[in-house]
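Peer 1: My questions will all concern the structure given below.
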Amino acid sequence: MKELLILLALSLGGCTLNTPISQLDGDIEEICTDGLHSYTFKGVTRRFTVVTSTDPDQIYSWCGSDTQACTNGRTMWLPSGPTCPRAAAHELNHVFNQHYVDRPPVGNRM
């Protein structure tokens, strides 16, 4: 009951809860193919190009850091294979300006 009251107070006060795009959301696996894609999130549609690779060194070359994937908002560079949906969902959050996904959860902050 206490949680419900908190959510009600936040929503009436103009606050919103940020819900990131998840690897379990529909159509994420379709994004794990090379080419032009579009995705709609919270009523906004964005178009972007996807480039995939099975070679971690190639992704390192594209992204310039020790990371699994990256985006500049217009292109997403992703690993192909079973880790792609998780990486695609994460990078899609950046395409939709939800950069908080790079921050640790509140309970894990030091």
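No lab work stands behind these numbers, since they all come straight from the coordinates. Keep in mind it's a predicted model, so treat the numbers as computed, not measured. Neighbour counts are summed over all protein chains in view; Cβ atoms, including those assigned to glycine, are modelled from backbone coordinates with ideal geometry.
Peer 1: Taking neighbour Cβ counts within 10 Å as the exposure measure, how do TYR100, TYR39, TYR60 sort from fewest upward?
Peer 2: On the way: TYR100 9, TYR39 19, TYR60 15.
By the 10 Å Cβ count, ascending: TYR100, TYR60, TYR39.
Peer 1: Can you list the HN-Hα couplings for the range 72-82, worked out from phi with the Karplus curve (6.51, -1.76, 1.60; θ = phi - 60°), rounded to whole Hz and with x for Gly and Pro?
Peer 2: Per residue, the Karplus-derived 3J(HN,Hα) values read 10, x, 10, 10, 10, 9, 10, x, 8, x, x Hz.
Peer 1: What's the exposure ranking of ARG74, ARG86, going from fewest to most Cβ atoms within 10 Å?
Peer 2: ARG74, ARG86
Peer 1: Arranged by the count of other C-beta atoms within 10 angstrom, fewest first, what order do GLU30, GLU3, GLU91 take?
Peer 2: Lowest count first: GLU3, GLU30, GLU91.
Peer 1: Taking every pair of alpha-carbon atoms in the range 21-103, what share in percent sits in each 5 Å bin, from 0 to the bin with the longest distance?
Peer 2: 3, 16, 29, 29, 16, 6, 1, 0
Peer 1: What is the set of long-range amide H partners of SER53 at a cut-off below 5 Å, with H atoms built 1.01 Å from backbone N?
Peer 2: Amide H to amide H, under 5 Å and 5 or more residues apart or across chains, SER53 pairs with LEU78, SER80.
Peer 1: Starting from the 7 Å offset along Cα-to-Cβ, what nm value, one decimal, do you get for the label separation of ARG103 and ASP57?
Peer 2: 3.8 nm
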